[in-house]
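Here the structure is laid out as structure tokens; the discussion comes afterwards.
The values are calculated or read from the model by the stated rules, or taken from the named source; none is laboratory data. This is a predicted model, so every value here is computed, not measured. A quick note on method: Cβ atoms are made from the backbone with ideal geometry, for glycine too, and the neighbour counts reach across all protein chains shown.
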Amino acid sequence: RRVVVLISGNGSNLQALIDAQSYGELGGEIVAVISNKADAYGLQRARDAGIDAVVLPHIEYDSREAFDGALIKVIERHEPDLIVLAGFMRILTPMFVHRFHGRLLNIHPSLLPDYQGLNTHARALADGCTEHGVSVHFVTEELDGGPVVMQAVLKLCEGDTEESIIDRIHAREHLIYPIAVRWFLEGRLQLGPKGPVLDGMPL
Ligand code: GRF
């Protein structure tokens, strides 16, 4: 089974997937990493792992549609079973999302449906939440609104700051993303007509 990973930055989640693959625990192979930013450190992580690293700068395209059209072409050249968004900081067009419906996973740093969008940690802390966390979800047209597949909770304590929680947030992302990807690649996880299904049971 073939996986394409889309990134824009550091790529620590990509690294977690690469590590899982190297332990034989991913259930498939990352065949390409695509970044919309040439200076994304994740590109180096891909090269170090011997994975095809592709830069597709969005600034070279006049519109979101033109960029997404080019992105679709690059992705399809690699014939993936699954496309994994791992810190890919671009809003995708409906055309893109439809093309890969049911084959597109994202990780978001909140307990969805709470705190869609950006600055999730700051907002959760400002609201005095006692629980925060991370979510893996299928991507649909609604930004960060697709059906949730897996979550990991982080208990917040008094005095916690963005700085004090960021490593614990990342640790949870790195723990659950490879599991969700593996479930998908092993055919255990699908997006059915009524939502995600795991081992034949609705989630
Ligand atoms: C993660 O926090 C993820 O939840 C969000 O973007 C960040 C990417 O981090 N979508 P990295 O590039 O994987 O280190």
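Miscellaneous remarks
- Pairs, first in contact (Cβ under 8 Å) with a residue 40 or more places away in the chain in the range 1-14, second basic (Lys, Arg) and within 10 Å of the ligand (Cβ to nearest atom), C-beta under 7 Å, six or more apart: Gly11/Arg45; Leu14/Arg45
- Residues being among the aliphatic types (A, V, I, L, M), surrounded by fewer than 18 Cβ atoms within 10 Å (Cβ to Cβ) and outside any strand (DSSP E or B) - total across the range 45-83: 6
- Selection of the range 14-28 for residues being more than 19 Å from Ile75 (Cα to Cα) and within 16 Å of the ligand (Cβ to nearest atom) yields Gln15, Ala16, Asp19, Ala20, Gln21, Leu26.
Residues checked against (1) over 25 Å from Gly187 (Cα atoms); (2) modelled with pLDDT under 95; (3) among the charged types (D, E, K, R):
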{"site": "Val4", "(1), (2), (3)": "no, no, no"}
{"site": "Asn13", "(1), (2), (3)": "no, no, no"}
{"site": "Ser22", "(1), (2), (3)": "no, no, no"}
{"site": "Lys37", "(1), (2), (3)": "yes, no, yes"}
{"site": "Gly42", "(1), (2), (3)": "yes, no, no"}
{"site": "Glu60", "(1), (2), (3)": "yes, no, yes"}
{"site": "Arg64", "(1), (2), (3)": "yes, no, yes"}
{"site": "Phe67", "(1), (2), (3)": "yes, no, no"}
{"site": "Ile72", "(1), (2), (3)": "no, no, no"}
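- In the range 87-108, residue nearest to the ligand (Cβ to nearest atom) [restricted to those that are in contact with a helix residue (DSSP H, G or I) (Cβ under 9 Å, 6 or more places away or on another chain), within 19 Å of Asn36 (Cβ to Cβ) and part of a loop (DSSP other than H, G, I, E, B)]: Gly87
- Taken over the range 71-101, the criterion of being in contact with a His (Cβ under 9 Å, 6 or more places away or on another chain) and either of a type in the set (Gly, Ala, Ser) or farther than 23 Å from Ala16 by Cα (or both) is satisfied by Leu71 alone.
- Boolean, Asp144 is closer than 23 Å to Val181 by Cα, among the acidic types (Asp, Glu) and not in a strand (DSSP E or B): yes
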